[in-house]
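Readers should treat all values here as calculations from the given coordinates under stated rules, not as data from a laboratory. Please read these numbers as outputs of a predicted model, since none were measured by experiment. Neighbour counts are summed over all protein chains in view; Cβ atoms, including those assigned to glycine, are modelled from backbone coordinates with ideal geometry.
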Amino acid sequence: MAARSIASLTVSFGLVSIPVKLFSATEASRAISFNLLHKTCGSRLKQQYFCVKEEVPVAREEMVKGYEFSKDQYVVFTPEELKAMEEAGTHMAEITEFVPLDSVDPVYFDKAYYLAPDKGGAKPYALLARALQESGRCALGRWAARGKQYIVMIRAVEEGLVMQQLLYAGEVRSIKEIEIPQTEVKPAELKLAQQLIEAQAVEKFDPSSYTDEVATRIEAAIQKKVEGQEITMAEAPEQGAQVIDLMDALRASLEKKPAKRAPAAQPAQPAKPARKASGKK
């Protein structure tokens, strides 16, 4: 399936403007997540906020945001006051400087986005990508979105561009805060360590050579349960339209027709965990 653009913006450097489309470079949906259920009946739990003083649940319309400036002392902000302090989105990533690519420590890396040329932007896009690639530099600038202002780094990757959000200096701790004792390294030890590094050295990083074995085990266990083992059913509410999830539908199907099981010699391959799908009964 082709990737979908999540936003449009303009990258500018000097008097050159490049209209681009923004694509998420990572897939958070691939992460495995679990819902909290009531142990006795298997129903989904609903989160509630409680007042620690009155010990009563508080509805969202009764909530305000406050900043704790001293122990148990808060200053309160209205939604209008918070909105007024937000950064207005400009749909513009303005490049302010170019630095050597290896001068940006990866510890500052945050979320990454792919950039693709928008209408009329193919030529300047290709020009910037080629210039960055041959110079060994990356572009640094600012981007305002979602009420915040971000530092961004734009770098060339193969034939395209990646825009990487960077953390601010105050968001990254210094390694000097960690106590590292001074230890003598003998020349013979250093030589052996370097030989070991060279013996296991490769030309470049290949992410496909690494797999998430824990996620694979979890997916396989989930699939076994979806196929009929230890399935928890939530009772339908008495009022309103009944909403069932995929696990309900699977159990109803199993009651009509026994599920086919793979031969013991050829176990079924782990499938992607079933996602919830809702519909009216």
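Quick check of the Kirkwood formula: for segment 1-148, what is the inverse mean of 1/r over all pairs of different Cα atoms, in Å?
20.3
Would you pull out the residues with amide H under 5 Å of residue 118's amide H, same chain only if 5 or more places away, H placed 1.01 Å from N?
Close amide H contacts, sequence-distant or interchain: 20, 21.
Starting from 0.36 nm per residue, how many nanometres of slack lie between residue 70 and residue 35 once their C-alpha separation is accounted for?
Roughly 9.1 nm would be gained on extension.
Counting Lys and Arg as +1 and Asp and Glu as -1, each charge on the Cβ, what is the dipole of segment 160-205 about the Cα centre in debye, to the nearest 20? Intermediate results must be reported in sequence, preceding the final value.
Details: 5 positive and 7 negative charges, 16 e Å.
Result for segment 160-205 is approximately 80 debye, rounded to the nearest 20.
For residue 228, list long-range residues whose amide hydrogen, built 1.01 Å from N in the peptide plane, is under 5 Å from its own amide hydrogen.
none
Using the charge dipole of segment 1-131 (Lys, Arg: +1 at Cβ; Asp, Glu: -1 at Cβ; taken about the Cα centre), state which of 120, 10, 91 has its Cα farthest towards the positive end.
120
Enumerate the calculated ³J(HN,Hα) couplings along segment 56-73 in order (Karplus 6.51 cos²θ - 1.76 cosθ + 1.60, θ = phi - 60°), each rounded to whole Hz, writing x wherever the residue is Gly or Pro.
Computed from phi, the couplings for segment 56-73 are 10, x, 10, 6, 4, 5, 9, 9, 9, 9, x, 10, 7, 8, 8, 4, 6, 10 Hz.
What is the local net charge at residue 115, summed over the other residues whose Cβ is closer than 13 Å to its Cβ (Lys, Arg +1; Asp, Glu -1)?
Charge balance near residue 115 sits at -1.
For segment 165-171, take each phi angle, set θ = phi - 60°, evaluate the Karplus expression 6.51 cos²θ - 1.76 cosθ + 1.60, and give the result in whole Hz per residue in order, putting x for glycine and proline.
In residue order, the calculated couplings are 5, 10, 7, 6, 4, x, 8 Hz.
Are there trypsin sites (Lys or Arg not before Pro) in segment 1-109 that DSSP puts in a loop and that have at most 12 other Cβ atoms within 10 Å, and which ones?
Of the trypsin sites (Lys or Arg not before Pro), the ones in loops of segment 1-109 whose Cβ has at most 12 other Cβ atoms within 10 Å are 4, 39, 46, 53, 71.
List the chymotrypsin sites (Phe, Trp or Tyr not before Pro) within segment 83-174 that DSSP assigns to loop and that have no more than 16 neighbouring Cβ atoms inside 10 Å.
Counting only loop positions with at most 16 other Cβ atoms within 10 Å, the chymotrypsin sites (Phe, Trp or Tyr not before Pro) in segment 83-174 are 168.
For segment 96-218, give the magnitude of the charge dipole about the Cα centre (Cβ charges: +1 Lys/Arg, -1 Asp/Glu; no others), in debye to the nearest 20. Don't jump to the answer; show the numbers that get you there.
Numbers: 15 positive and 18 negative charges, 122 e Å.
Dipole magnitude for segment 96-218 comes out near 580 debye.
In terms of modelled amide H atoms, which long-range or inter-chain residues lie less than 5 Å from the amide H of residue 150?
143, 144, 145
Over segment 1-76, what is the relative contact order in percent, taking alpha-carbon pairs closer than 8 angstrom and at least six residues apart? The partial results should precede the final answer.
On the way: 59 pairs, mean separation 10.5, N = 76.
Over segment 1-76, the number comes to 14 percent.
Apply the Karplus curve 6.51 cos²θ - 1.76 cosθ + 1.60, θ = phi - 60°, to the phi angles in segment 130-139 and return the couplings in whole Hz, x for Gly and Pro.
Karplus values, whole Hz, x for Gly and Pro: 5, 5, 5, 5, 7, 7, x, 10, 10, 9.
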